[in-house]
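The values are calculated or read from the model by the stated rules, or taken from the named source; none is laboratory data. As the structure is a prediction and not an experimental result, all values here were calculated from the model. For neighbour counting, all protein chains shown are included, and Cβ atoms are generated from backbone atoms with ideal geometry for every residue, glycine included. For the accessible areas, the whole protein counts, side chains as well, though only heavy atoms, and no ligand, DNA or RNA atoms are used. Shrake-Rupley method; radii C 1.70, N 1.55, O 1.52, S 1.80 Å.
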There are 2 protein chains.
Amino acid sequence: MNRIQTTRVEARQHEPYEALRAEIARQHSRFSDRLKVIAEFALDHPTDMALGTVAEVAQRAKVQPSAIVRFARALGYAGFTELQQVFRSRLVASVAPSYKERIAGLRRDGDFRNTKTPRAVLARFASEGTVSLEMLQEGVSEKDLGRAIAILGAAHTIYVLGLGGSFPVATHLTYVLRKLGRRVVLLDGLGSALGEQANSATPQDALIAISFKSYNPDTKRLFPELVARKVPAVVITDSLLSPLVEGAKVVFEIPDMPEAALRTMVAPMCLAQSIAVGLTLTHD
Amino acid sequence: MNRIQTTRVEARQHEPYEALRAEIARQHSRFSDRLKVIAEFALDHPTDMALGTVAEVAQRAKVQPSAIVRFARALGYAGFTELQQVFRSRLVASVAPSYKERIAGLRRDGDFRNTKTPRAVLARFASEGTVSLEMLQEGVSEKDLGRAIAILGAAHTIYVLGLGGSFPVATHLTYVLRKLGRRVVLLDGLGSALGEQANSATPQDALIAISFKSYNPDTKRLFPELVARKVPAVVITDSLLSPLVEGAKVVFEIPDMPEAALRTMVAPMCLAQSIAVGLTLTHD
DNA sequence: TGCGTGATAGAATAAACATTCCAAATTACT
DNA sequence: AGTAATTTGGAATGTTTATTCTATCACGCA
C-alpha cells in the first residue's frame with residue numbers, strides 16, 4: 001500500500017505503468033486467490049514482469065503459466081504479451097533519456113521548428129549548447145579525466161592536433177596550455193608541414209587529438225603515425241567508431257546531436273579547457 | 001533531473017553493457033559491411049536491441065534477421081538472445097531510482113565550490129558555460145542580430161579579426177562562413193602580415209572583430225585603421241568601454257563572469273555561429 | 001450428501017520466434 | 001580473367017513461448 005503512494009511522485013513520467021499499478025490495486029480485492037498472488041508479485045517485481053517469459057514469471061510467482069495469462073485477461077489485456085508491454089514501458093522511461101529525447105523535449109519548450117529569425121537561430125544554438133554541456137558533465141568520468149591529465153602532465157611537450165572544424169578547439173587548448181606555462185606544439189599544417197611538425201614527438205611527449213565527423217583526412221592520416229611511434233594519445237571525438245579511437249590511451253566521446261543544424265563546438269571547447277586547467281591541480 | 005544524471009554515471013560503471021560497447025567499437029573495423037551497419041545501429045539504439053525481436057531489430061536496422069544473428073555470433077555470443085541479455089542489463093541497471101543515487105547527486109552538487117578535482121573543474125566550466133549561454137540568449141536583441149546579419153550579408157568579403165584568446169572564435173566563424181559559401185579573410189597575422197592582410201578591405205566589405213580583456217594589442221591597433229577606412233564593423237566584446245566599440249556599427253556585449261576562473265569562449269562561439277547561420281536566412 | 005459454479009493445474013496447441021541452411025552475389029586473390 | 005573465399009538475402013527449420021483446452025478440484029448451497 002505504501003508502495004503505491006511513494007511511487008506516485010514519478011507517476012507523470014511513466015503514465016501507463018502507474019495507471020496499471022493503480023488498476024491492479026483497485027481490483028485486487030476482487031481477484032481470486034491465485035490472481036491475488038500474481039497481482040502482488042507483479043507490483044513487487046515489475047522488472048521480472050517486463051523481461052521474463054510467461055514460464056519464468058509463473059515459476060517465480062509460484063503459479064501456473066496459464067494463471068499468468070488469466071491475470072492479464074482479467075485486467076482487460078488480450079494476453080500476457082500485451083500486459084508485458086506496459087511493464088516494458090517503465091524500463092524504457094527510466095533509462096537515461098538519450099540526446100534525441102532531450103532535444104525533442106527542448107523543441108517542445110521553444111519554438112524550435114520554425115528557425116526563421118536570427119533570434120530563433122541563436123536560441124536554438126544556445127539550447128543545443130546547454131544540452132551538450134549537461135551531457136558532457138554527466139558523460140565524462142573522473143577516471144578518464146584523471147588519466148588524461150596524468151598523461152598530459154607527464155609529457156615533456158604536448159602536441160595538439162585538431163584540423164578543419166575542430167581547429168578552434170585546438171587553438172583554444174593551445175592558448176590555455178601556453179598560458180599555464182606548458183610546452184605546446186599546435187599541429188596546424190601551416191605550409192603543408194603537418195608531418196614535419198609532428199616529427200619530433202616522442203613517447204616522452206603526449207598528443208591530444210580532436211576530430212569529429214566527417215573526420216579531417218590529415219588528422220586521420222597523422223594520428224595513427226603518432227600512435228605507432230608510441231606517443232601517448234588523448235582523444236576527443238564523437239564516437240567510439242571514430243578513426244582516432246584505435247591506439248588512444250584515453251577517449252572522450254562527445255556524441256553528435258541528431259538534427260543539429262551544425263555541430264556545436266561548445267562541449268569540446270569546455271572539455272579541452274577543463275583538461276588544461278585540471279593540469280594545474282596536480283602541481284599544487 | 002537527478003535521476004538522469006545518476007543513471008548515466010551508473011551506466012558507465014555498469015560493466016557488461018559498457019564492456020560490450022567497447023568490444024563492438026574495438027571490432028568494428030574488422031567487421032563486414034553489413035555487420036558494421038548493425039554495430040552502429042546497436043550503439044545508437046540500445047533500447048531497441050534490448051526489447052525488440054530479431055525481426056524487429058532487423059527491420060529497423062534495415063538488414064536481414066540472419067545478419068543480426070551473425071552479428072551476435074561475431075561478438076562471441078551463442079545467438080541474438082544471449083547478446084540481448086546484455087542490452088537488457090542496461091535497462092535493469094538504469095531502473096531503481098533509490099535514495100542511493102540522490103545522495104550521489106547531492107554530493108556532486110555540494111562539491112561545486114571547492115575546485116580540487118578535475119571533475120569539479122569540468123563541472124564548474126560546464127556550469128559557467130550554461131549560464132553564459134542563458135545570458136547570451138537574453139542579452140542579445142533581435143535588432144542587433146538583424147543589423148549585424150544585414151551588414152555581413154551585404155559585404156563582398158568578410159574580414160574576421162580575433163587574436164589571442166579570441167582566435168578560436170575567429171577560426172570557428174571563418175570555418176562556418178566558408179562552409180556557407182562566403183568569401184572570408186581570416187586576419188591571423190601569419191608572418192606578421194596582419195596589416196597587409198587587411199589592406200584590401202573596402203567599404204563594400206565588412207569586418208567582424210572579436211576581442212576581450214586584456215585586448216590583444218594587434219587587434220587594438222588594426223581595428224581603428226579599418227574603421228577609418230570606412231569598413232563597416234560588427235564587434236563582439238566584453239564591455240562598452242572596449243577599444244573596439246568606437247566606430248562599430250553593431251556591438252554585442254558579452255560581459256565577463258564574476259569569479260570566472262578563465263574566460264569561457266562558449267558564448268562568443270555560439271553567437272558567432274548564430275550570426276553566420278543567420279546569414280543563410282536572408283537568402284531564402 | 002449431491003449438485004452447480006467457478007477456479008486451477010497441466011497437457012495440448014498454435015503462434016511467434018531465433019536460428020540454420022543454402023543458393024546467389026560480391027569480393028579478394030591468383 | 002578465372003577461381004576461391006567471403007558475404008549476403010531469404011526461405012526452411014526447429015525451438016521457444018504464449019495461449020487455449022479440458023479434466024479435476026474446491027467450495028457454496030439446498
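Quick rundown of the values:
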{"quantity": "Highest average packing first - A:193-200, A:204-211, B:250-257, Cβ atoms within 10 Å", "calculated": "A:204-211, B:250-257, A:193-200"}
{"quantity": "Cα gyration tensor of region A:131-281 - equivalent ellipsoid semi-axes, whole Å, descending", "calculated": "21, 18, 14"}
{"quantity": "Label distances, nm, B:Arg183 versus same residue in remaining copies, Cβ-directed 7 Å point", "calculated": "4.4"}
{"quantity": "Ascending list, in nanometres, of distances separating the B:Glu40 label from those of the other copies (7 Å, Cα toward Cβ)", "calculated": "5.2"}
{"quantity": "Total accessible area lost when B and A pair, probe 1.4 Å, Å² to nearest 100", "calculated": "5900"}
{"quantity": "Rg over Rh, two decimals, the protein assembly as shown (C-alpha only, Kirkwood Rh)", "calculated": "1.04"}
{"quantity": "Inter-label distance, nm, simple model (7 Å from Cα along the C-beta direction), A:Lys62/A:Asp33", "calculated": "1.3"}
{"quantity": "With every protein chain in place, the protein assembly as shown: carbon and sulfur % of accessible area (1.4 Å)", "calculated": "52"}
{"quantity": "Amide H contacts of A:Tyr215 (H built 1.01 Å from N, under 5 Å, at least 5 apart or other chain)", "calculated": "none"}
{"quantity": "Nm distances between copies for B:Glu253, ranked from closest, using label points 7 Å along Cα→Cβ", "calculated": "4.5"}
{"quantity": "Karplus 3J(HN,Hα) series, Hz, for region B:154-171 with 6.51 cos²θ - 1.76 cosθ + 1.60 (x for Gly, Pro)", "calculated": "7, 6, 5, 10, 9, 9, 10, 10, x, 10, x, x, 8, 4, x, 5, 4, 5"}
{"quantity": "For region B:15-101, alpha-carbon Rg relative to the globular expectation (2.2 N^0.38 Å, N residues)", "calculated": "1.09"}
{"quantity": "Solvent-accessible area lost in complex, 50 Å² minimum, residues of region B:134-183 relative to chain alone, 1.4 Å", "calculated": "B:Gln137, B:Glu142, B:Pro168, B:Tyr175"}
{"quantity": "Residue-averaged [θ]222 nm for the protein assembly as shown, counting only DSSP H segments that reach four residues, each worth -39500 (n - 2.57)", "calculated": "-18000 deg cm²/dmol"}
{"quantity": "Square roots of five times the Cα gyration tensor eigenvalues for chain A, Å", "calculated": "53, 22, 17"}
{"quantity": "Amide proton proximity set for B:Leu207, modelled H, under 5 Å, gap of 5+", "calculated": "B:Tyr159, B:Ala233, B:Val234"}
{"quantity": "Accessible surface, the protein assembly as shown, averaged per residue in Å² (probe 1.4 Å)", "calculated": "46"}
